[in-house]
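Everything below concerns the one structure shown next.
The values are calculated or read from the model by the stated rules, or taken from the named source; none is laboratory data. Everything numeric here is computed off the predicted structure, so don't read it as measured data. Note that each Cβ is placed from the backbone with ideal geometry, even for glycine, and that neighbours are counted across all protein chains shown. These accessible areas exclude ligands, DNA and RNA; they are computed on the full protein's heavy atoms, side chains included. Shrake-Rupley method; radii C 1.70, N 1.55, O 1.52, S 1.80 Å.
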Amino acid sequence: MSDTNQLAIRYDDLPYQVSAGRTILSALEEVGLTFVRGVGCRGGVCGACTALYRISGRPELKAVLLCQDEVRDGMEILPLPYIPQKKARHELTLSEGETPEYHVRKLYPEVNNCIMCGECTRLCPVDIDVMSYVGMIKRGDLSGAARESFTCIQCQACVLRCPSQISQPNAALAARRFHGRFKESPAEHLTKMIHKVENNHYKPIFRRLRRLDPDEIRALYQRREREPEETHPGTWLPDDRSYL
C-alpha cells in the first residue's frame, strides 16, 4: 500500500520521494538538497527560484516559483536560475522632441514583432497578462503597461518561450521607469524620504545599529512590527516610526 503522504517527483532529472503538503523548495530541502543558487527571498518576490515543470505523462509545460507552489505527485521539475535576455542600457533622459513612449519602443523595438501567441501570459508564474502589457507598450500606453506589469518579479520565464525574442520583463521595467520619470507627479512621501537622507537623518540610527552584536540584531528583527496580511496596500504604518 502506497504512502499517501509521500509523492514521487523528479528534480533536475533525478528522482525523489518527498512529503506532501509542502512547497517544492521545502520538500526538496527536507530530503537533503542544499540550495546555493536559484533561491532568494523565499517570499515569492525576487523570482530567483523560477522553474519549469510538467506532470509526468501530460503535455502542458508550466512555470512555478519553488518557494510558493506546492509539490504535486508526478512533477518533473527543471530549475531556471538564469535566462539570458536583452538588457538595453539607458539613462532616464530624452532627446529634444522625443517622447517617453517612443524612447521605450526604440530601446525594445522587438515588441512590435509580437504575434500575440499568448505563451508569455500562459507561462507567467504570478499570473500577469504579459501579452497585454506588451501590446500597451506597442500602442504607447506606458501608464497601462506600468500598471499591468507592476507585480512582475523578473523571473524571465516569458522570455524563454517567446517566439518573437522579446525581453518582456526588461521592456516593462523601462516602461515603468520612463512613465514614472516623465508622466507621474513626484511622490510626496518619497520626496520627504530623500530630504531625510540628504540631511543625515539616518546616520545616528545606523551608528546605533552597528554597535549591536548579532544576537541583539536578531532580537530586534524578531520583535519588529509586522504589517497584517489583510491590510490595504500603502495604508499601514508601524507604531514605532523612529526608523522611518
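Scanning segment 68-99 for residues that are part of a strand (DSSP E or B), among the hydrophobic types (A, V, I, L, M, F, W, C) and either open to solvent by 50 Å² or more (accessible area, probe 1.4 Å) or modelled with pLDDT under 95 (or both) turns up just one, L78. Restricting attention to segment 57-87, the residues that are farther than 25 Å from L33 by Cα and of a type in the set (D, E, K, R) total 4.
The helices (runs of 4 or more DSSP H) found wholly in segment 138-244 and carrying at least 3 residues that are of a type in the set (D, E, K, R) and surrounded by 10 or more Cβ atoms within 10 Å (Cβ to Cβ) occupy 168-182.
Taken over segment 39-60, the criterion of being assigned to a strand (DSSP E or B) and either farther than 13 Å from L78 by Cα or over 18 Å from the mean Cα position of the chain (by Cα) (or both) is satisfied by Y53, R54, I55. In segment 30-51, the residues that are at positive phi reach residues that are open to solvent by 30 Å² or more (accessible area, probe 1.4 Å) and at pLDDT below 90 with C-beta atoms within less than 8 angstrom, at least six apart or across chains, in these pairs: G38/P81; G47/G40.
On the stretch given as segment 1-22, residues that are assigned to a loop (DSSP other than H, G, I, E, B) and polar (S, T, N, Q) total 3. Restricting attention to segment 23-38, does a residue exist that is assigned to a loop (DSSP other than H, G, I, E, B), within 20 Å of P169 (Cα to Cα) and of a type outside the set (D, E)? Among the residues of segment 23-38, at least one is assigned to a loop (DSSP other than H, G, I, E, B), within 20 Å of P169 (Cα to Cα) and of a type outside the set (D, E), which makes the answer yes. Y102 meets each of the listed conditions (1) farther than 17 Å from F182 by Cβ; (2) surrounded by fewer than 17 Cβ atoms within 10 Å (Cβ to Cβ); (3) of a type outside the set (D, E, K, R) apart from (1). Residues in segment 122-137 that are among the β-branched types (V, I, T), part of a loop (DSSP other than H, G, I, E, B) and modelled with pLDDT of 95 or more: I128 only.
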